[in-house]
Structures are given as structure tokens and as C-alpha cells.
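Only the coordinates and a few stated rules stand behind these numbers; no lab work does. Here the structure is a predicted model, which is why all the values come from computation and not from measurement. So basically every Cβ, Gly included, is an ideal-geometry build from the backbone, and we count neighbours across all protein chains shown.
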Amino acid sequence: MSYNIAIDGPAGAGKSTIAKLVAKKCGYIYVDTGAMYRAMALYLLRTGVDISDRAAIAKACQNADISIAYQKGEQVVLLNGENVNAYLRTEEVGNMASVSSAVPEVRKKLVELQQELAAKEDVVMDGRDIGTVVLPNADVKVYLTASTHTRAMRRFLELQEKGQVADLEKIEADIADRDYRDMHRETSPLRQAEDAVLVDSSEMTIEQVVERILSLCR
Ligand code: C5P
């Protein structure tokens, strides 16, 4: 049986940074499920589907074949065979992902892929519904969060570091909107699983959060 660690939480809580470090320490595979939803969103943006038309999204997503591979330890998302990693981290794709991920057909397809991976390998998987829906029997479940302001500030600094122009107020508003959509959608809303451990990283360093999760695994 493979060992599965599930990390859920809202946008910008530091899930991917933390999950990657935990995976490295444990020698497990890191699975970024947000990147899969982003790849699907990229496909939908490229095909020009009307984002308010759920039926059109449900139909179009059937033509997107999403898979993942690992190159030098990094997760690579393949969209119909193309490595699309370079296109996934924009605000446009993130906002589209939070809309299209509410469509049940999109979720069904990606959840199956995630479950297959976790059944085969020891994984640290991060997302919104990992502990509640994808891996309800995960060995360790963490709900990682931080205040909206802290999360917006972190994203702001990240963008600034990359030399991109960033507007803190707009980032904070986008994060709040995305949280609202993720928490209030009908299918698999973001919520803490009953048996998940709540970790609020607002006042914690990355190392402290990693150590906390490793202590839960011991
Ligand atoms: O985590 P990330 O910001 O990359 O996720 C992008 C979007 O994908 C989220 O806002 C959320 O709507 C969706 N998502 C999801 N379920 C997951 C992972 C991500 O609905 N397991």
C-alpha cells in the first residue's frame, strides 16, 4: 500500500512550497493537482469556450488529455502531449481554473488521474479536495491556511521578485474571490476534512510548517 499525505487549503497558503519540501524529505512524489486544473483551464482559454457556459466546458474538457510526468524531480503537466508548465502560473489561467474546476465533468476526469497516481506511488498531494474527496483514506491530512492579507502579501512579493508589476489590493481581492468560489461551489467545495489537522501558517516560517507536517507523519 502506498503512503499518502493530503494537503488542502486556499490559494496562496504555501501548499506547493510546503508539499514539495515534505515530499523531498520523505522521498515521495509531489503531486500538484492545481496545475492539472490550470492545464484544463489553459485548454479552455485556448479553445475560446464561453466561461459562463457550463455545458460547453463539460463538452470541451473531453478533448483535453491531461497527464503528468517527472523531469529532474519536477512535475511536468502534459496537455495533449505538450509540456504546458510555462503557461500555467498566470492570474488569467488561475482565475479560469477556479471557474472551470466547478464543472463536475472537469473534476471527474482529473480526480480519476489523481487517484490512480496515489494508488501507485507514495505521494504528497496538494489541492482543495484531496482529504475530502480524492484521498479520503490518506494517512495524513493537513488543512493549511493563512490570513487573506498574509496570502496576498506573499503572492505580491513573489511577483515583485520576478520583476512583474503587482497591485496588492487587486491580488487580495482576487484571492478573496477565488476562495469564495472554491468554498461555495456545489461539487467538492474547499473545506477542512473532519480528520484533517489545521495548520495556520500566518505566523510560521516554512521550516516550522514542514516540521509540523513531518511530526504528523512520524
Ligand atoms: O492551487 P492552484 O491555485 O494552482 O489551483 C487553481 C484552481 O484550481 C483553484 O482556485 C481551484 O479552483 C482549482 N483546484 C480545485 N481542486 C484542486 C486543486 C485546484 O478545484 N484539487
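The convex hull around the C-alpha trace of region 1-159, projected and averaged over every direction, spans 9.3 square nanometres. Measuring nothing but how far apart in sequence close Cα pairs (under 8 Å, 6+ apart) lie, relative to its length, region 52-103 scores a relative contact order of 29 percent. For a modelled paramagnetic label at ALA166, 7 Å from Cα along Cα-to-Cβ, the residues of region 9-48 in reach, with backbone nitrogen under 13 Å, are 12-14.
Write out the trypsin sites (Lys or Arg not before Pro) in region 52-94 meeting two conditions: DSSP loop, and at most 14 other Cβ atoms within 10 Å of their Cβ.
Values: sites: ARG54, LYS59, LYS72, ARG89; in loops: LYS72, ARG89.
Passing both the DSSP loop test and the Cβ count: LYS72, ARG89.
Projected label points at ALA119 and ARG191, each 7 Å from Cα along the beta carbon direction, are separated by 2.7 nanometres. Radius of gyration (Cα atoms) of region 69-218, expressed as a multiple of 2.2 N^0.38 Å: 1.11.
Out of all Cα-Cα pairs in region 1-86, roughly what percent, to the nearest whole number, are more than 21 Å apart? Tail fraction, whole percent: 42. Computed from phi, the 3J(HN,Hα) profile of region 3-10 under the Karplus parametrisation 6.51, -1.76, 1.60 (θ = phi - 60°) reads 9, 10, 10, 10, 10, 10, x, x Hz, with x in place of Gly and Pro.
Per-residue 3J(HN,Hα) values for region 156-163, derived from phi via the Karplus relation 6.51 cos²θ - 1.76 cosθ + 1.60 with θ = phi - 60°, read 4, 5, 4, 5, 4, 4, 7, x Hz in sequence order (x marks Gly and Pro). In a DSSP loop and with at most 16 other Cβ atoms within 10 Å, there are no chymotrypsin sites (Phe, Trp or Tyr not before Pro) in region 31-74. Based on the Cβ-Cβ distance of LEU78 and GLU207, what FRET efficiency does E = 1/(1 + (r/R0)^6) give at R0 = 45 Å, to the nearest 0.05? Using R0 = 45 Å, I get an efficiency of 0.85. The ranking of ILE175, ILE130, ILE68 from fewest to most other beta carbons within 10 Å of each one's beta carbon is ILE68, ILE175, ILE130.
Extension gain, GLU91-ILE51: 0.36 nm per intervening residue step, less the Cα-Cα distance, totals 12.9 nm.
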